[in-house]
Each structure stands twice: as structure tokens, then as C-alpha cells.
1. PRE reach from Thr83 (point 7 Å along Cα→Cβ): which of segment 44-66 fall under 20 Å by backbone N?
2. Among 75-85, 94-104, 61-71, what's the highest-first ranking by average C-beta atoms within 10 angstrom per residue?
3. Rg and Dmax in Å for the chain, alpha carbons only: what are they?
4. Once phi is turned into ³J(HN,Hα) by the Karplus curve 6.51 cos²θ - 1.76 cosθ + 1.60 with θ = phi - 60°, what whole-Hz value does each residue of segment 102-109 show in order, with x for glycine and proline?
5. So what's the net charge close to Ile72: Lys and Arg +1, Asp and Glu -1, counting the other residues with Cβ under 13 Å from its Cβ?
Amino acid sequence: MKKTFLVIALFSLLSIIFIPIFVSAQGQGLVPCNGPDCTINSFFQMLLNIYNFLTTMIATPLAIIALIVGGIFMMASAGNPSTFGKGKEIITWAIIGLFLVWGSYLIINLILTTIGYGGTWNVL
């Protein structure tokens with residue numbers, strides 16, 4: 001019963017947070033063209049829009065929520081080392097995830113320069 005309530009509460013909280021983000025993504029338009037007007041530049045602009053959406057609107061808020069949950073676990077542990085360790089592990093993985101998301105620009109740039117692409121991929 002308690003676990004079901006926790007799942008419903010978490011789903012409700014995440015819905016309140018992410019539904020406006022998904023709606024605003026449709027308003028901005030991830031796909032910059034319409035039908036026959038599409039070019040190869042439109043395809044790469046779409047990929048850039050998706051990358052920016054995933055890094056700024058999805059991954060960063062999820063990592064911040066994970067940091068908060070990890071902190072709550074650590075504060076509510078009341079001397080229980082396993083709960084404190086779980087909170088510490090959540091915070092550690094959230095920080096690693098943030099570094100990967102925010103460093104993904106450097107990772108993508110390194111891969112593209114390694115294979116010989118000399119242009120600017122992040123500005124169209």
C-alpha cells in the first residue's frame with residue numbers, strides 16, 4: 001500500500017513538472033520545416049533542437065530532482081548507514097550524469113573532429 005502511494009505521488013509530481021515542458025517543446029517546434037520545404041540543413045537543425053531539448057529540458061531537471069531526493073534520503077536516514085549510503089549513491093550518480101550531459105557538447109565535438117569534420121555542428 002505504501003509503495004503504491006509512493007509510485008502514484010512520484011508520477012503525479014513528475015507529470016506536473018514535465019507536461020508543461022513537453023507542451024512548450026511542441027510550441028517551439030523541434031522540426032524546423034514542413035513537408036517539401038525540408039533540406040539537409042533542416043535535418044541537422046532538427047537534431048540540434050532535439051539535443052538542446054534533451055539537455056536543457058529533460059536531463060538537467062531530472063538530475064536536480066535526483067540531487068534533492070538523495071539529500072532527503074541522507075537527512076532522513078536517522079543514523080541508518082544503508083539509507084545514508086543510498087542517498088550518497090543517488091547524489092554521486094546524479095552528479096556524474098550532470099557532468100556527462102553538460103560535457104556531451106565536448107564529447108560530440110571530439111568525435112566529430114576525430115572523424116575529420118571541420119565545420120561547426122552546433123550553429124546552423
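No value in this document is a laboratory result; all are computed from the given coordinates. Computed from a prediction, not measured in an experiment: that's the story for all the values here. Neighbour counts run over all protein chains shown; Cβ positions are idealised from the backbone, glycine included.
1. 66
2. Listed from highest to lowest mean packing, they are 61-71, 94-104, 75-85.
3. My reading of the Cα-based Rg and Dmax gives 19.5, 64 Å.
4. Rounded to whole hertz, the list is 6, x, 5, 4, 5, 5, 5, 5.
5. For residues surrounding Ile72, the net value is +2.
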